[in-house]
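Take a look at the structure set out below.
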Amino acid sequence: MLICPRILIIIVLSVFSFLPPAIAQSPERLRIMFYNTENLFDPFGDSISEYNAFTARGEMYWTFGKFSKKIINLYKTIVAVGEWNAPCLVGLCEIENRFVLNWLTRQTPLSQFGYRIIQHDSPDRRGIDVALLYRAKQAVLLHEEFLRISIPGDSIFKTRDVLYAKFLMLQSDTLHVFVVHLPSKIGGAVPTSSKRESVAIQIIRKTDSVFRHNGNSNIVIMGDFNDSPSSNLLTDFFEADKISDNIAPSKLYNLMEKYKNKPAYGTHKFRGNWTIIDQILVSGNLLLNNNFFIVENKAYIFSSDFLLEDDPVNTGKKPFRTYEGFRYKGGFSDHLPVYTDIIKK
């Protein structure tokens with residue numbers, strides 16, 4: 001039976017009008033976030049670690065009920081950052097072990113997103129680690145490793161390993177991801193600076209190796225750097241440049257640099273002042289508007305009202321944290337999350 005060409009066109013247009021939105025050839029957006037969770041411990045004693053403050057009998061009186069509330073708060077934050085979907089990659093720090101991550105990804109509504117986990121136990125004194133959650137349907141894991149950190153001249157000091165993972169994103173582009181939690185400034189900023197610099201040097205050795213293999217590599221380094229975008233650590237050791245019109249594919253750029261002269265913004269509040277210590281660095285190739293690129297070359301601090309509370313001492317707002325000293329508050333974290341979006345054309 002012959003069909004009139006005009007009728008055929010109408011039929012074809014009608015069929016396409018009922019196809020789901022995913023059929024359309026629109027860019028795909030992948031959200032990447034990082035969050036310092038502020039001591040996500042399970043409530044059980046650890047026979048391996050000497051640090052047992054976060055147990056039911058410990059000084060923080062960390063019960064299963066408090067742990068469950070913390071997990072729910074973390075789940076709510078991740079979904080909110082994802083705008084009621086879920087980010088493709090979620091970097092986390094201050095994670096005790098695989099148990100807390102399994103509980104987060106399997107015992108909350110995050111289970112519907114098919115997250116897989118990259119984590120291992122590092123030699124950190126407090127038993128806290130970095131971790132990465134990834135949605136397996138969007139990111140295929142090609143390789144993972146943990147960089148063991150050694151501090152020259154200090155064999156006693158132990159800190160978190162650096163997580164490195166290589167993914168095939170959307171069956172198309174390769175992405176190299178680092179999740180970091182550099183040593184803190186406890187003991188003073190100057191005396192501890194060499195520890196952070198030692199970690200930075202070992203990360204840069206790895207990124208240099210990636211660039212030697214491919215100068216157009218897509219790299220994301222996210223984490224708690226315990227230093228600001230304008231610090232020597234970021235400008236001299238990571239050589240994380242300010243984004244300009246002259247982008248080099250094999251250099252690092254700090255997406256958080258735009259916040260450094262804005263005192264009302266930050267990811268952490270210390271002695272009444274906002275600081276930006278949670279940051280996202282990327283390779284220049286992700287800024288060049290190719291087929292796989294950072295949206296508007298920007299990262300953002302997620303500062304929704306539910307993550308904040310009034311600061312009665314210093315005015316303004318501050319993060320609504322889980323503990324303030326030894327006082328349990330039942331909040332989320334003493335840090336705010338950061339995130340960025342990558343588009344695949």
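The values are calculated or read from the model by the stated rules, or taken from the named source; none is laboratory data. Please read these numbers as outputs of a predicted model, since none were measured by experiment. Here the Cβ is made from the backbone with ideal geometry for all residues, glycine too, and neighbour counts use every protein chain on show.
Scanning segment 69-119 for residues that are modelled with pLDDT of 95 or more, of a type outside the set (S, T, N, Q), outside any helix (DSSP H, G or I) and surrounded by fewer than 15 Cβ atoms within 10 Å (Cβ to Cβ) yields a count of 2.
For segment 194-238, filtered to residues that are of a type in the set (D, E) and either surrounded by 13 or more Cβ atoms within 10 Å (Cβ to Cβ) or touching a residue at least 24 places away in the same chain (Cβ under 8 Å) (or both), the residue that is farthest from N261 (Cα to Cα) is E197.
Only one of the numbered conditions (1) part of a loop (DSSP other than H, G, I, E, B); (2) over 17 Å from the mean Cα position of the chain (by Cα) is not met by S193, and that is (1). Is one or more of the residues making up segment 200-209 among the acidic types (D, E), over 19 Å from the mean Cα position of the chain (by Cα) and at pLDDT 95 or above? Looking through segment 200-209, at least one residue is among the acidic types (D, E), over 19 Å from the mean Cα position of the chain (by Cα) and at pLDDT 95 or above. For segment 181-189, the criterion of being of a type in the set (K, R), within 22 Å of L92 (Cα to Cα), buried (at least 17 other Cβ atoms within 10 Å of the Cβ) and in contact with a strand residue (DSSP E or B) (Cβ under 8 Å, 6 or more places away or on another chain) is met by no residue.
The residues of segment 302-345 that are surrounded by fewer than 20 Cβ atoms within 10 Å (Cβ to Cβ) and under 30 Å from L170 (Cβ atoms), listed by number, are F302, S303, S304, D341, I343, K344, K345.
Applying the condition of being of a type outside the set (A, V, I, L, M) and part of a strand (DSSP E or B) to segment 120-137 and asking which residue is farthest from G58 (Cα to Cα) yields R135. When segment 269-284 is filtered for residues that are crowded, with 21+ Cβ neighbours inside 10 Å and in contact (Cβ under 8 Å) with a residue 40 or more places away in the chain, the ones remaining, listed by number, are I276, I277, D278, Q279, I280, L281, V282, S283.
For segment 319-342, filtering for residues that are under 22 Å from the mean Cα position of the chain (by Cα), assigned to a strand (DSSP E or B) and either over 19 Å from V220 (Cβ atoms) or at pLDDT below 95 (or both) leaves 2. Exactly one residue among K206, K158, K185 is closer than 22 Å to I277 by Cα, of a type outside the set (S, T, N, Q) and in a helix (DSSP H, G or I), and that residue is K206. The residue that is modelled with the lowest pLDDT, among those in segment 37-66 that are within 12 Å of E96 (Cα to Cα) and either in contact with a strand residue (DSSP E or B) (Cβ under 8 Å, 6 or more places away or on another chain) or assigned to a helix (DSSP H, G or I) (or both), is F54. Would segment 312-329 turn up any residue that is touching a His at 6+ places or on another chain (Cβ under 9 Å) and either over 30 Å from K206 (Cα atoms) or not small (G, A, S) (or both)? There is at least one residue in segment 312-329 that is touching a His at 6+ places or on another chain (Cβ under 9 Å) and either over 30 Å from K206 (Cα atoms) or not small (G, A, S) (or both). Can you tell me which residue in segment 122-141 is surrounded by the most Cβ atoms within 10 Å (Cβ to Cβ), limited to those that are within 19 Å of N39 (Cβ to Cβ) and in contact (Cβ under 8 Å) with a residue 60 or more places away in the chain? Top of the filtered list is V130.
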